[in-house]
1. According to the square roots a ≥ b ≥ c of the eigenvalues of the Cα gyration tensor, what is the shape class of the range 139-180, taking rounded for a/c under 1.5, prolate for a/b larger than b/c otherwise, and oblate for the remainder?
2. Applying a 10 Å radius around every beta-carbon, put 220-232, 171-183, 154-166 in order of their mean neighbour count, most first.
3. Within the P(r) computed for the range 194-460, what percentage of the Cα pairs occupies the region above 29 Å?
4. Which value in Å does the Kirkwood hydrodynamic radius of the range 231-278 take, with 1/r averaged over all unlike C-alpha pairs and then inverted?
5. Using the Kirkwood radius over C-alpha pairs as Rh, can you work out the diffusion coefficient of the range 317-451 via Stokes-Einstein at 37 °C, viscosity 0.692 mPa s, in µm² per second?
6. Under Stokes-Einstein, with the Kirkwood radius over Cα pairs standing in for Rh, what whole-number D in µm²/s applies to the range 179-235 at 4 °C and 1.567 mPa s?
7. Highest mean first, what order results for 405-417, 64-76, 351-363, 424-436 on Cβ atoms within 10 Å?
8. Report the semi-axes of the equivalent ellipsoid for the range 80-177 in whole Å, largest first, where each axis is √(5λ) for an eigenvalue λ of the Cα gyration tensor.
């Protein structure tokens with residue numbers, strides 16, 4: 001198979017991302033200087049490709065410069081004078097929805113004023129103020145915790161530009177922020193309230209998590225079940241959730257006679273609107289980028305453009321925050337999308353070879369590719385991969401996910417127009433969510449019965465068996481799959497259709513000399 005050399009447009013995202021990563025303090029500067037000098041030297045030696053190499057060097061330097069600026073911006077600590085002190089009446093705006101379950105919840109905020117800056121909010125209670133609320137807070141400001149039980153809160157927050165934690169003792173809502181973010185805040189609040197008829201139990205909170213992310217209202221047992229079964233990605237507004245949103249927009253556009261181009265435009269607009277309503281957190285931004293890549297793959301039908309979009313999104317996120325290269329969420333998101341892009345084209349071949357329906361073959365390939373591609377990353381960061389539990393859990397939960405998500409989104413749209421109809425749709429959404437909860441508990445049981453170590457050893461033995469049997473197959477089949485058997489009347493050596501073997505040509509020359 002001929003592999004085409006990548007052109008400059010294919011490498012734009014990767015060059016920007018590599019330049020941004022080279023700006024990290026932990027990366028030696030001589031690597032960047034070596035790459036820059038090598039690129040310039042290559043441009044001089046290969047004059048025919050000089051413009052392409054010079055453009056690549058410029059992109060690499062641009063990623064480095066912007067990434068270096070962003071690293072310096074994230075390292076600033078405007079709230080350092082407040083560390084270790086109590087505050088009274090401090091104005092703070094909640095910039096991200098509250099997360100966490102149980103009695104303690106966290107959110108991100110912004111201290112207002114000339115000396116303000118980003119801060120992590122901790123509140124003890126079952127409910128926190130809505131996103132966009134402006135609070136007057138009394139409490140204590142402290143530095144983030146260091147490494148503890150395998151988690152370094154200080155490094156995790158520093159990579160987001162947060163260097164202070166505000167433990168809220170009492171708060172008073174004194175207003176809401178305005179502008180476009182204020183509109184997005186009010187839209188989110190109205191959408192979450194529209195899903196209240198789904199119930200306050202785990203199924204109802206799963207509906208909210210599917211639509212807008214988070215597991216704040218779920219019980220600790222349900223959260224553990226989702227983590228053990230490999231279904232936690234459903235509650236994190238992943239690229240799969242955004243892809244289902246795009247599918248709903250496409251179906252709605254085509255049902256009214258819209259074209260493919262119109263469906264693409266509407267999908268991109270809805271993704272931007274959805275990211276604004278859910279909140280521009282790093283995980284949501286990654287989901288938006290992954291959704292755009294899936295949108296291009298599905299609607300445009302050009303895998304090469306999808307790979308370019310994936311690389312460009314990856315590079316832009318790294319340029320915006322080079323520290324995100326260490327974020328497990330970023331790694332899992334893009335590796336999963338890459339695995340799906342690699343496996344999806346084979347769905348029709350498998351469907352035709354095995355008589356499986358195309359939808360089933362696609363679901364198997366997508367689930368298997370995403371699970372296997374992300375397993376090493378999950379094992380490295382979290383000590384578990386949930387390979388054996390994740391495959392059946394995701395496969396059985398797949399039919400219910402679009403039903404729950406679509407009904408939740410439709411309920412949020414219908415409720416302002418027809419409250420009774422919207423409440424009925426929201427109430428119905430809890431039933432597919434209940435099935436997803438059962439799948440999570442089944443996966444949790446499978447994870448306990450069959451540990452990941454057994455699955456990894458089994459996969460290793462299977463790979464070893466395939467590797468040992470490969471020489472036997474190669475003896476019957478020639479190099480690159482060309483069999484050594486010959487057709488009737490043709491010699492075993494390979495030669496052109498008008499080219500006789502060497503022995504035949506020699507015999508012909510001797511007969512000609514004798515005749516002369």
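1. Since a/c reaches 1.5 but b/c is at least a/b, the shape of the range 139-180 is classed as oblate.
2. 220-232, 154-166, 171-183
3. Values: 10996 of 35511 pairs.
Result: 31 percent of Cα pairs exceed 29 Å.
4. Details: mean 1/r = 0.0888 Å⁻¹.
With all distinct Cα pairs of the range 231-278 included, I get 11.3 Å.
5. After rounding, the answer is 191 µm²/s.
6. On the way: Rh = 12.1 Å.
Calculated translational D: 107 µm²/s.
7. 424-436, 405-417, 64-76, 351-363
8. 20, 16, 12
Taken together, the values in this text are just the output of simple stated rules run on the coordinates, not laboratory data. Bear in mind the structure is a predicted one, so any value in this text is a computation, not a measurement. So basically every Cβ, Gly included, is an ideal-geometry build from the backbone, and we count neighbours across all protein chains shown.
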